[in-house]
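Working notes, structure below.
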Amino acid sequence: MPNVKIFVDDSLYPGIREPLVQALGPIRDMLCQDLSVDVPACQFALLPVGAMPDLPRVNVEMAILPRPDRTREVILAVCAKLRSMVEAATRTHVAVRVTALDPETYIALK
């Protein structure tokens, strides 16, 4: 279950919203394949935010449930692909952060 939030500097958002929306399908496909999850497990949000000018203007935060096959190397490779895909859509530097959720306490009602 990748829970992906893409935070975009609100001054950039109007010009890159559509390319980002178009990129969501391929991004979801890559995440489902590389993390071995089904489409219904995914959640995405695009959020315009006030951002500081000296920090990345696009930030991606992804939360996933840990699994034995999701090694650090696998997650780093997924992050590199995710960053590349979002950078292609936004044409700006992108920061990516990933957190692992606690499967004992994580609850999702869909």
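From the set of residues in the stretch 64-107 that are assigned to a loop (DSSP other than H, G, I, E, B) and of a type in the set (A, V, I, L, M), which is surrounded by the most Cβ atoms within 10 Å (Cβ to Cβ)? Can you show your working first?
Residues of the stretch 64-107 that are assigned to a loop (DSSP other than H, G, I, E, B), as a first pass: 65-71, 91-93, 101-107.
Add one more test, that the residue is of a type in the set (A, V, I, L, M), and what stays is 65, 101, 107.
Working: Leu65: 17, Leu101: 14, Ile107: 4.
Ranking the qualifying residues of the stretch 64-107, first place goes to Leu65.
With respect to the conditions (1) touching a strand residue (DSSP E or B) at 6+ places or on another chain (Cβ under 9 Å); (2) more than 21 Å from Arg91 (Cα to Cα); (3) of a type outside the set (Gly, Ala, Ser), Gln33 lacks only one, and its number is (1). Looking across the stretch 13-40, the residues that are crowded, with 17+ Cβ neighbours inside 10 Å and touching a residue at least 40 places away in the same chain (Cβ under 8 Å) come down to Ile16, Leu20, Ala23, Ile27, Leu31, Leu35.
Report yes if Lys110 is among the basic types (Lys, Arg) and not in a loop (DSSP other than H, G, I, E, B), otherwise no. For Lys110, the condition - among the basic types (Lys, Arg) and not in a loop (DSSP other than H, G, I, E, B) - is not met. Taking the stretch 42-63 as the search range and keeping residues that are of a type outside the set (A, V, I, L, M, F, W, C), over 16 Å from Met1 (Cβ atoms) and surrounded by fewer than 17 Cβ atoms within 10 Å (Cβ to Cβ), which one is modelled with the lowest pLDDT? The residue in question is Pro53.
The values are calculated or read from the model by the stated rules, or taken from the named source; none is laboratory data. Please read these numbers as outputs of a predicted model, since none were measured by experiment. Because the Cβ atoms are built from the backbone with ideal geometry, glycine has one as well, and the counts that use them run over all protein chains shown.
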